Structure formats: C-alpha cells, structure tokens
Amino acid sequence: MSRSYTFKITSEEAGQRLDEFLASRFGGMSRMRIASLLGRGAARVEPGPGLPGYRLAPGDRVEFTIDEPASSAMRPEPLPLEIIHEDDHILVIVKPPGMLVHPTKSVKSGTLANALTYHLNRAFYDDPASRGVLEAGDEAPGLTRPGLVHRLDRATSGLMVVAVTPRALSVLSRHFHRRLVEKRYLALVRGGGLGPAGVIQAPIGRDPGRRPQWGVMEGGKPSETRFRVLSEGPRATLVELEPVTGRTNQLRIHLAHAGHPIVGDELYGPGGGTRLCLHAWRLAFHHPAGGEWMEFISPLPRDIEEASE
C-alpha cells in the first residue's frame, strides 16, 4: 500500500529545494530516506521536475508518494517508553537522552521508532502465537506505524508528540509547519551574564566541508531563538528557550555562537563529562482530531539539576 500527499507551493515556501521542503513537512522522516524516495521517482512536481535540487516556485503542485510497506525497515522492539498521554490518535512521550528517534544507515535497533512500532502493535506481538513473527523480524499484518511528526537530537531528552493515524499525522505536520505548536526547552549553559531575556538571531547553514557541518554562516537561513534566564550560578546558567525557527541543531548552535554553549555539548562546546543538558520540557498543541488545546510538561531531569550544582 502507498500513500500520496499533495501540496501547493505558496509564495512563502517558494525558493526551497524540493528535498528541503519535504524534510520540513515530514519531520520524522530522515533526509536519507527522503533522498532515497526521490531517487526512485516518489515525487512529481507540476510544472517542474521532481528532482531533489529543484527550486520550488509559487503555484507548483507537489505530489509525494510513500510506499508504506517499504517505509518500515525497523524491527519492532519491546523497549521501555515513558508515555504521559495516549489516545486513539496520538501519543505524547518523554524521549530519554541517548536514543535516536528513527533508524539510520548504521543504527537499525534501539531507536524510538523501534519501541513505538512494538507498542502500537503490542496486542499482536504479545500474543504467544506471534512470537515467531517478532523473532524473525517479519512485519505484522496491518501494522500500525508511528507518525513521527518532529524529532529531537539523539542527545536531547524531552517531550514529543507521535501520530497514531494518517489523519493525525497530516494535521499535526500542518500545525508544525504553520508554527501553531508551542515548544519550550530548558538548557544549562556555560557561564553567566546573558541578561534576563533576549533574542539570538544568526543565519544557520550547512557546509559539508567542515565539522560540524551545520553552523552560523553567511548565506545561511534566517534563524531566531528567544531565551529567558531562570537562574544563574557561578559556573552555569539555566535558561528557557523558544526556537522561533526550526533549523538543524539551532539551539545548540545559537547558544555556542552567543558564547554560552550548552553544558555537555561535545559538538558545539567543550563537552565535559556529562550528557547534553538540553531538555524539551513543554509542548502544547491543538489535538488533531478534537481540536482542543493540550499542554504537557516534563520537569527538568535530575541529572541536569545535578550538573548545575
């Protein structure tokens, strides 16, 4: 079975590469998988070509088809999940630090997608008669797949909403794209003197020839992060962060650019004996089926509190 999505490009979306546009619309899908799908002709653009580097124009009609059976290469695994809300349409979970959201070319197990796929199909996999299917890594008939609307870095912990139905995935993806979802993070950053509140505005781009590839650079995309200082110690400051835009590694890049890298950041800071002290603590959105406003909070983890002491 395959599923097709159709988008009409607005003037605000024009100028993006096709692969970048699809990555922004399908936040839970890896760029590697999008590139693979485009290479197999999964996208059609009228009147332009469906090539990854095609620059979209206002009025372009994009049709993107996903082959559902091929979309689940991960093996369902009975991994622990911290679920704080579950209904017929969505799950809200707290991702632990160190867990990838979805499989990569080199990591096929132990990810959030592995755990969610098992959880959403546990009635089948918990049946003793089905154990052989799970052990063989085969796919259950009528498998329910998690709709990963957005993602967190492997090192980041915190709240995520997951779609259970195709309609919930479509609605939530649209809400994220239109910035109708409120996200707040807590971070422990090095040093003090940030001031009570402020805004960091610095363009973020990608340069494959440098490490890390993503960073502040001329010609990058406009990027904005708002911050509010919650407490300040002699060596570190606890801040609340609001990513106005959603660039790759934006919070980590912006804080390092401001001279206050996140404690434990091995990529953009000096690292130093602890995990990345970044936690998605608040998530609020309209329910994709009922429309009611929902707010969820995950308190600052104890290990980040201890890192500030």
Any residue at all in the range 135-147 that is closer than 23 Å to Arg247 by Cβ and either modelled with pLDDT of 90 or more or exposed (fewer than 15 other Cβ atoms within 10 Å of the Cβ) (or both)?
no
When every residue in the range 218-243 that is surrounded by 15 or more Cβ atoms within 10 Å (Cβ to Cβ) and outside any strand (DSSP E or B) is compared, the one farthest from the chain's Cα centre (by Cα) is Gly220
Of the residues in the range 83-126, those that are more than 13 Å from Pro146 (Cα to Cα), of a type in the set (A, V, I, L, M) and in a helix (DSSP H, G or I) come to Ala123
Test each condition in (1) part of a loop (DSSP other than H, G, I, E, B); (2) modelled with pLDDT under 90 for Pro80 and report the one that comes out false.
(2)
Output yes when any residue across the range 262-279 is assigned by TED's automatic domain parsing to the domain that holds Gly198, within 18 Å of Pro203 (Cα to Cα) and surrounded by fewer than 18 Cβ atoms within 10 Å (Cβ to Cβ), and no when none is.
no
Filter the range 269-287 for residues that are assigned to a loop (DSSP other than H, G, I, E, B) and at pLDDT 95 or above; the one that is farthest from Thr225 (Cα to Cα) is His287
Within the range 176-198, residues being surrounded by fewer than 16 Cβ atoms within 10 Å (Cβ to Cβ), under 30 Å from Glu292 (Cα atoms) and in contact with a strand residue (DSSP E or B) (Cβ under 6 Å, 6 or more places away or on another chain) number 1
Pull out all pairs, ordered by first then second residue, where Cβ-Cβ is under 6 Å, the residues are six or more apart or on different chains, the first lies in the range 54-76 and is on the phi < 0 side of the Ramachandran plot and in a loop (DSSP other than H, G, I, E, B), and the second is at pLDDT 80 or above and of a type in the set (Gly, Ala, Ser).
Leu56/Ala14; Ala57/Ala14; Pro58/Ser11; Pro58/Ala14; Met74/Ala113
Let me confirm something: among Arg247, Arg145, which residue is of a type in the set (Lys, Arg) and in the same structural domain as Glu266 (by TED's automatic domain parsing)?
Arg247
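The values are calculated or read from the model by the stated rules, or taken from the named source; none is laboratory data. The model shown is predicted, which means the values in this text are computed figures rather than measured ones. Ideal geometry is used to build each Cβ from the backbone, glycine not excepted, and the neighbour counts take in all protein chains shown.
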